[in-house]
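Peer 1: After the C-alpha cells below, expect a handful of questions from me.
A short reminder: the numbers here are calculations on the coordinates, not readings from a lab. Quick caveat: nothing in here was measured; it's all calculated off a predicted structure. Please note: Cβ atoms are built from the backbone with ideal geometry, for glycine as well, and neighbour counts cover all protein chains shown.
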C-alpha cells in the first residue's frame with residue numbers, strides 16, 4: 001500500500017502424442033529421465049492460457065491448396081517480440097477430401113512434410129509447434145478444402161533450449177519392402193543425424209507414421225532401457241495410415257524405441273530437438289487419469305458437457321512447485337457421439353472454461369491428442385467433454401519454470417506480486433477476487449502458495465498492492481489493474497477482474513499507488529488522478545462521491561509521486577513539499593488538525609506543514625512519512641507518536657526506501673539491510689516475538705536488500721540476486737510464496753521461482 005524509493009526454418013509438431021493403449025491399469029510413478037536444477041536451465045517454453053486465434057468457420061472455408069495466416073504475437077500473453085515459436089493445437093474440420101495440412105512461418109517456403117493427416121469428412125486435431133514468421137504470423141496450408149482452427153497454449157522465447165531442424169526422414173521401411181512385424185520394437189539412433197547433435201540432446205521431436213497396418217492396433221514411442229509403457233503414440237485401424245507426433249526421450253547415445261502392435265510399415269521424420277540445458281524433463285509415461293478404472297477420478301463415464309478436474313502438481317512423481325506446464329496426452333474412449341475434449345488450466349469451483357478444443361472425435365471412435373497444460377487453480381487441470389465418454393490423461397514430461405530475477409515486490413492484505421527483470425509479473429496468495437491476475441476467476445477457495453504468472457502484461461515498470469486488488473505501470477505509462485472491484489478501484493464500473501484491465505487515464509502515467517480500496521496515478525503533466533472508494537474524500541476531487549473513472553485531484557498540477565493509504569492519500573510535489581487529502585483525524589494529513597473523536601474529512605488537498613526538500617513520500621493506515629529531508633525522514637499522524645506536527649521514528653536514520661502498512665513499517669537502510677518496526681503479532685516485523693517501537697534488523701537477512709514491502713500481516717524483500725523472501729503470516733492462503741498454505745514465521749523464507 002505504501003512504498004517509496006528515495007530517489008528461420010520451420011519447426012513444427014512438437015507433441016507427446018500418447019494415445020490409448022490396450023486395457024491396462026498403470027499405477028507407476030512418473031520417473032524423470034533427465035533432470036537438472038531449475039537455476040541451471042534457460043526458459044525455453046512459456047505456457048499461456050489456451051486461446052483460439054484462428055477459426056475459419058466464421059467466414060469462407062479455405063479452398064484446396066490454399067494457405068491462411070494469423071498473427072499470434074502480441075496476443076493472449078505472447079510478447080510482441082523475442083518469440084521463436086508457438087505451441088498450438090491444429091484442428092481440421094470436416095475436410096471435403098482426404099489430405100494433409102502443414103503449419104509453417106508466414107512468408108517462408110511451405111514444407112514438404114505434414115503437420116496433420118485427415119480423411120474425408122472427419123474432424124481431427126494434432127499438437128504442433130510453428131516458428132514465427134513475417135509480422136509475427138504463422139501460416140496453415142491445407143491440401144483439401146476444410147475449415148481450420150488454431151488454439152495457442154504457449155511459446156518458445158528466442159535463445160531457448162529448443163532447436164528446429166530441416167525436417168528429414170530417418171526411417172522408411174517401405175524402401176526395403178519389409179514391414180515391421182507385429183509386436184516388434186525398433187530402436188532408432190538419432191545422435192549425429194538429421195540435425196540432432198551427437199551429444200547434449202535429451203529429446204527429439206519426431207513424427208511417426210504407420211502405413212497400411214495389417215490390423216487394428218497402436219504404436220508406442222518410449223525411451224531405451226525402460227519398460228514399455230501403457231500409453232501409446234499412434235492408434236490405427238486396419239489398412240488405414242495414421243500418424244502422430246512425440247517428444248522422444250533420448251538416451252546418452254541419442255536413441256529411442258518404437259513398438260508396433262500390428263504388422264505395418266513405419267516412417268519416422270525428425271523436426272527438432274531439445275537440449276540438456278532446457279527446462280523440459282521427459283518422464284517414463286504414467287497414467288494420471290483413467291475413468292474406466294477409477295484412476296485419478298471416480299470410476300464412471302463423464303457425462304455430456306461434464307468434465308474432470310485433477311491435480312497434477314505434486315502427484316505421479318511431478319514436483320509440487322516450479323512447473324511451467326505438463327506435457328500430456330488426453331484421450332476420449334468410445335464417446336457416445338461426435339464431439340470434442342477441452343483440456344485447460346483448472347479455474348476453481350466457479351471458474352469458466354476457455355473456448356478451445358484439444359481432441360476431436362467421432363461417435364464410438366477412440367481419439368487422443370497431445371497437450372501442453374498450464375496448471376491452474378490448486379496445481380490442477382480440467383478435462384471436459386461435449387459428449388459422454390471415458391477419459392484418459394497420460395503424463396509424458398513437464399516443463400520447469402526457471403528462477404527469475406525480481407526488481408520489485410508489492411504486498412497487499414493477503415496477496416503479493418513481484419515485477420521481474422523481464423517486465424512481466426508473478427503473484428501468489430489469495431485469489432478470492434482474482435487478485436493474482438492469472439486469468440483464473442476468484443472463488444472462496446482459490447489461492448496459490450506458489451507464484452503464478454500475471455497474464456497479458458509486458459514491459460512492467462512498477463506494481464502497487466491494495467487490500468484485495470493490484471495494479472501495474474508499464475514503461476509506456478499505461479496503468480493496468482485487476483482483482484477486487486467492489487468499490488470500483490480497478491477503474492471499471494463493476495465486477496472483479498481476474499486478468500489485468502487497462503485504466504482509462506487522461507494521459508501517460510509516471511507513478512501509481514493503490515490504497516485500501518482506491519487507486520491513484522501521477523500523470524506526465526504533473527496532475528494526479530484517483531478512482532475508487534471516496535467516502536472519506538480519498539480521491540481529493542472535492543466530493544465524497546465514489547467513481548470508477550479517474551478523477552483529477554483538485555489543485556495538484558506539479559506532482560512527482562503519489563501514495564495512497566487506508567483512507568487518505570498524499571502527493572509529493574516537484575518542489576519537495578507535500579499535500580494530502582482524505583480523513584484528517586489525528587493529524588493524518590499533516591495540517592495540524594489533532595481532532596481525535598468523530599470523523600474529519602478534507603475532500604481537497606491540504607499542505608503538510610513543515611515539509612520541504614523531500615524526495616519520497618509513503619502512506620500507511622495511521623501515518624505518513626517523507627524521506628530525503630535534511631534530517632532523513634519526517635512523519636505525521638497517529639502512528640508518529642505526536643498529536644500535531646512532524647516526528648521521527650525512534651532509531652530510524654536515513655532510509656534508502658520505506659514501506660508502511662496498517663500497523664507496521666519497514667525500511668532498507670543505507671547499508672542495504674532490512675529493518676522493521678511496529679506490530680509483530682505474526683512475525684511481520686521480523687523479530688522472534690513482541691511488537692517493536694523502533695526499527696530492528698530482520699532476522700536472517702544480510703546486507704543485500706534492495707526493496708522491501710510491508711503488507712497486512714506479512715512483509716517481503718527483494719535481494720540483490722533478484723530473489724524474493726517473505727516473513728510473517730501465510731494467512732492460510734500461501735502468502736509467503738514458499739509452497740506452504742498456512743503458519744507464520746519471523747524468519748524470511750524464499751519465495752519459489754525467484755533468483
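Peer 1: Ranked highest first by average number of other Cβ atoms within 10 Å, how do 474-482, 500-508, 655-663 line up? Could the numbers behind the result be given before it?
Peer 2: On the way: 474-482: 19.9, 500-508: 16.8, 655-663: 25.3.
Highest mean packing first, the order is 655-663, 474-482, 500-508.
Peer 1: Take residue 607, project a point 7 Å from its Cα along the Cβ direction, then tell me which residues of region 637-672 have their backbone nitrogen under 17 Å from it.
Peer 2: Inside the label zone: 645-646.
Peer 1: Sticking with this structure for a sec: Bin all alpha-carbon pair distances of the chain at 10 Å intervals from 0 and give each bin's fraction as a whole percent.
Peer 2: The percentages, shortest bin first, are 3, 14, 23, 22, 15, 11, 8, 3, 1, 0.
Peer 1: Using packing as a proxy for protection, rank 175-183, 324-332 so that the peptide with the highest average count of other Cβ atoms within 10 Å comes first.
Peer 2: On the way: 175-183: 12.6, 324-332: 27.3.
Packing proxy ranking, top to bottom: 324-332, 175-183.
Peer 1: What value does region 314-436 have for Rg/Rh, both radii from Cα atoms and Rh as Kirkwood defines it? Don't jump to the answer; show the numbers that get you there.
Peer 2: Details: Rg = 17.3 Å, Rh = 16.3 Å.
Looking at region 314-436, the ratio lands at 1.06.
Peer 1: Something else about it: How compact is region 446-540 by the rule of thumb for globular proteins, expressed as Cα Rg over 2.2 N^0.38 Å?
Peer 2: Working: Rg = 12.8 Å, N = 95, 2.2 N^0.38 = 12.4 Å.
It is 1.03.
Peer 1: Relative contact order for region 578-681: what percent, with Cα pairs under 8 Å and sequence separation of 6 or more? All intermediate terms of the calculation are to be shown ahead of the outcome.
Peer 2: Details: 235 pairs, mean separation 20.8, N = 104.
About 20 percent, as a whole number.
Peer 1: If one computes P(r) from the Cα atoms of region 162-276, what percent of pairs lie at distances over 17 Å? List each step's numbers first, then the result.
Peer 2: On the way: 3280 of 6555 pairs.
Pairs farther apart than 17 Å: 50 percent.
Peer 1: Moving to a separate point now. Given R₀ = 60 Å, what would the calculated FRET efficiency be for residue 459 paired with residue 214, taking r from the Cβ atoms and rounding to 0.05?
Peer 2: Values: r = 58 Å, r/R0 = 0.96.
Once rounded, the FRET efficiency stands at 0.55.
Peer 1: Still on this structure, I have one more. Could you work out the pair-distance distribution P(r) of region 602-652 from its alpha-carbon pairs, with 10 angstrom bin width and percents rounded to whole numbers?
Peer 2: Distribution as computed: 25, 60, 14, 1 percent.
Peer 1: Then there is this: Can you give the convex hull volume per residue for the Cα atoms of region 503-641, as a whole number of Å³? Could you put the intermediate results ahead of the total?
Peer 2: Values: hull volume 11.9 nm³, N = 139.
For region 503-641, the hull spanned by Cα atoms encloses 85 Å³ per residue.
Peer 1: Take every Cα pair under 8 Å in region 162-276 that's 6+ residues apart, average their separations, divide by the length, and report that relative contact order as a whole percent.
Peer 2: Values: 321 pairs, mean separation 52.8, N = 115.
It rounds to 46 percent for region 162-276.
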